[in-house]
Amino acid sequence: MTKKSYPLGIDVGGTGIKGAPVDLDTGEFVADRLRIDTPEGATPGAVADVIAEIVEHFSDLVGDEPIGVTIPGVVQHGVVRTAANIDPAWIDTNAEELIAARLGRRVTVVNDADAAGYAEIHYGAAKDRDGLVVVTTLGTGIGSAVINDGQLVPNSEFGHLEIDGKDAEKKAAHSAKEREELSYEKWAKRLTKYYTTLENLLWPDLLVVGGGVSKKADKFLPLLEIRTEIVPARLQNAAGIVGAARLAHEAHTN
Ligand code: BGC
């Protein structure tokens, strides 16, 4: 019997780099996730070394399946274009080529929120929902994924909407709540403004809220005064890994 192999998803974040092989039938990890601290500076070369360590750890389960990697910035055809919360050395780096050369494997690099959104559509809070779904992740920054009838429109970057002359994520990301020690009520007012702007521009059928704080959704989602249905993400911190693995698999099999 040939051994089954699984694509590997790797989520590159500001503090940790996390990976796991994913069963695409269920959207579940096939083995415990491995997390390694993000190296100081988080330059492309240093991150590629950590990715290689994670791939090595799971090599038996991954076989020849591709590797999906998320980056917290715009990624056009494997080239990183922005770096709001990561080392500026990433800008204009062809991350896909760099990591593929380091690993000698097939690699797909995508935006972190796009990966998380894609996972929510296939396995999570927006499963089987057609129409326009907008997934936002509230963390250090605000990430967004726009998915219409199951099709991802990449790099939407709605965390950087300008509201009252300010970058939205600086006021409404979860990091702003922590930095300014905002109560849930105060933060919810800012989120209402943010999501109202978003819904007036896009008219989504469903909003999904991800990021670590989505675990506490009951503390702030009921306080939002918006017209669109809004629900917490279901895959939480697995979403980036799961979505990256699926996007990599699709990119290399179609
Ligand atoms: C970046 C996005 C990213 C988001 C969440 C934003 O600052 O511009 O590309 O998806 O943070 O990490």
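The values are calculated or read from the model by the stated rules, or taken from the named source; none is laboratory data. Keep in mind that this is a model prediction, so the values were computed, not measured. Here the Cβ positions follow ideal geometry from the backbone for every residue, glycine too, while neighbour counts run over all protein chains shown. Surface accessibility is based on the protein's heavy atoms, side chains included, excluding ligands, DNA and RNA. Shrake-Rupley method; radii C 1.70, N 1.55, O 1.52, S 1.80 Å.
Some values worked out for this structure:
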read-out: Residue within region 31-42 that is at pLDDT 95 or above, more than 14 Å from Ala119 (Cβ to Cβ) and open to solvent by less than 10 Å² (accessible area, probe 1.4 Å) present; value: no
read-out: Candidate set: region 142-171, residues that are more than 17 Å from Gly131 (Cβ to Cβ) and in a loop (DSSP other than H, G, I, E, B); chosen: the one nearest to the ligand (Cβ to nearest atom); value: Glu157
read-out: Selection status of Val135, surrounded by fewer than 16 Cβ atoms within 10 Å (Cβ to Cβ) and under 20 Å from Arg246 (Cβ atoms); value: no
read-out: Asp128, sole failed condition from (1) acidic (Asp, Glu); (2) part of a loop (DSSP other than H, G, I, E, B); (3) crowded, with 17+ Cβ neighbours inside 10 Å; value: (3)
read-out: Test: residue in region 140-163 that is more than 30 Å from Pro66 (Cβ to Cβ), of a type in the set (S, T, N, Q) and over 14 Å from the mean Cα position of the chain (by Cα); value: no
read-out: Matching option when the condition is among the hydroxyl-bearing types (Ser, Thr, Tyr) and closer than 26 Å to Asp23 by Cβ, among Thr82, Thr43, Thr70, Thr93; value: Thr70
read-out: Test: residue in region 20-38 that is over 16 Å from the mean Cα position of the chain (by Cα), of a type in the set (Phe, Trp, Tyr) and assigned to a loop (DSSP other than H, G, I, E, B); value: no
read-out: Hits in region 64-112 (condition: open to solvent by 10 Å² or more (accessible area, probe 1.4 Å), closer than 16 Å to Glu250 by Cα and in a loop (DSSP other than H, G, I, E, B)); value: Asp64, Glu65, His77, Arg105, Arg106
read-out: Which numbered condition Leu61 misses (of (1) open to solvent by 40 Å² or more (accessible area, probe 1.4 Å); (2) not in a helix (DSSP H, G or I)); value: (2)
